[in-house]
Amino acid sequence: MNSPGVPPEGPPQNATGAESQSIPKKAKRTVELVRARHETLIRRVLVGWGQGTSTHNGRPTLIAKQQLILRDLVIEMAVELGQAEGRELLARSRAPEQFESDLSSLLKSTANNSLARWRSITEWYDLRAQGTKKAGSQEVEIQKCVLYRLIPFAESLKLKAWSTHRTRLEAEGRTEVRKIADLVEGSACTHAVRTTAAPNQRIGDLSDEKGMAGPANSESPDGVAFEGLAVGTPGRGNEDSEERGERRRAFVMPKLASTGWSRSRWAADAGVGKNCVYEYLRGVRQPTSENRRALAEALAVRLEDLPE
């Protein structure tokens, strides 16, 4: 029967129950290096003791003080191995709930492995009792020490797993919000371009019907010039999207080149979607007043200098 707080004994297994081949080679090498370093120290201590160890019934004997030293070495090895495997487990995990479950299995496995290692190392030695303590009691203490020392470390890994998960979700949320904003803005701009021709066509029709057709650059009472079917700056009424795009690129591209910026960098610095910049430079989009101001500020030019 196992004592409370001590994981049940069983064959050693990794945290996820998967085969060891699933662990990346680099991670496995790191864990094995930790194990080799501690095993070398333990064997060096045992060899040193073997020079003058008294025997009982022909078997080498470990006195109480030696057992305590050896026990601490085994515990240190188990704790550092558990920490190394925990870090590698966190690096491979993406779901914090699954990580917590796998980490719990890892802690229990590490505690069990420490007991198995203690028994393997002391198998050929006669262990003298430490006062009234029995061998079984000492084995339970080894498991408890390993488990209790790993718990604070495990909590720090859980915190890191949840923090990373939160950061990832926030970043994904910001990306989705920006995509939606770009779609809404693109839809609004497209609607505006499609509807500008209709009222101007109606004005031309009314002028023809009443014999009021004026010069090509006639001006409405509100100061907006009309030319053909387009509404815009006087003298540019017949400008199509290709010509508009060429005019915009002629102004913007040299400035981007002088600063070493790409179009994506300009969009990011202005805080607008990339589609807004790309379609603006192609002449097919008229940014909102807010986005237009942001684009001008990012380019370090006056708002009125940025081509319409």
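Using mean Cβ contacts within 10 Å as the protection proxy, how do 69-79, 247-257 order, highest first?
Packing proxy ranking, top to bottom: 69-79, 247-257.
How much of the pair distance distribution for segment 20-174 lies past 18 Å, counting alpha-carbon pairs only, in percent?
Percentage above 18 Å: 64.
Ranked highest first by average number of other Cβ atoms within 10 Å, how do 171-178, 138-145, 109-116, 25-32 line up?
Ranking the peptides 171-178, 138-145, 109-116, 25-32 by packing returns 109-116, 138-145, 25-32, 171-178.
So who's got an amide H within less than 5 Å of the one on THR61, skipping anything under 5 residues away but keeping other chains? H placed 1.01 Å off N, in plane.
The answer is SER54, HIS56, ASP126.
Go through LYS158/LYS274; LYS179/LYS255; LYS25/LYS65; LYS65/LYS144; LYS26/LYS160; LYS28/LYS108 and tell me which ones have a Cα-Cα distance over 31 Å in this structure.
Beyond 31 Å: LYS158/LYS274; LYS25/LYS65.
With Cβ to Cβ distances under 12 Å as the rule, what net charge do the other residues near ARG263 carry (K, R +1; D, E -1)?
It works out to a net charge of +4.
How charged is the neighbourhood of ASN57? Take every other residue with its Cβ under 15 Å from the Cβ of ASN57, and add Lys/Arg as +1 and Asp/Glu as -1. Intermediate values should be presented prior to the final figure.
On the way: positive: ARG59, ARG128; negative: ASP126.
Cβ neighbours under 15 Å give a net charge of +1.
Between MET253 and LEU41, what is the label-to-label distance in nm when each label sits 7 Å out along the Cα-to-Cβ direction?
The modelled label-to-label distance comes out at 6.6 nm.
Quick note: the coordinates plus some simple rules give every number you see, no bench work behind them. All values reported here derive from a predicted model rather than from experimental measurement. Don't worry about glycine lacking a Cβ; one is built from the backbone with ideal geometry, like all the others, and counts go over all protein chains shown.
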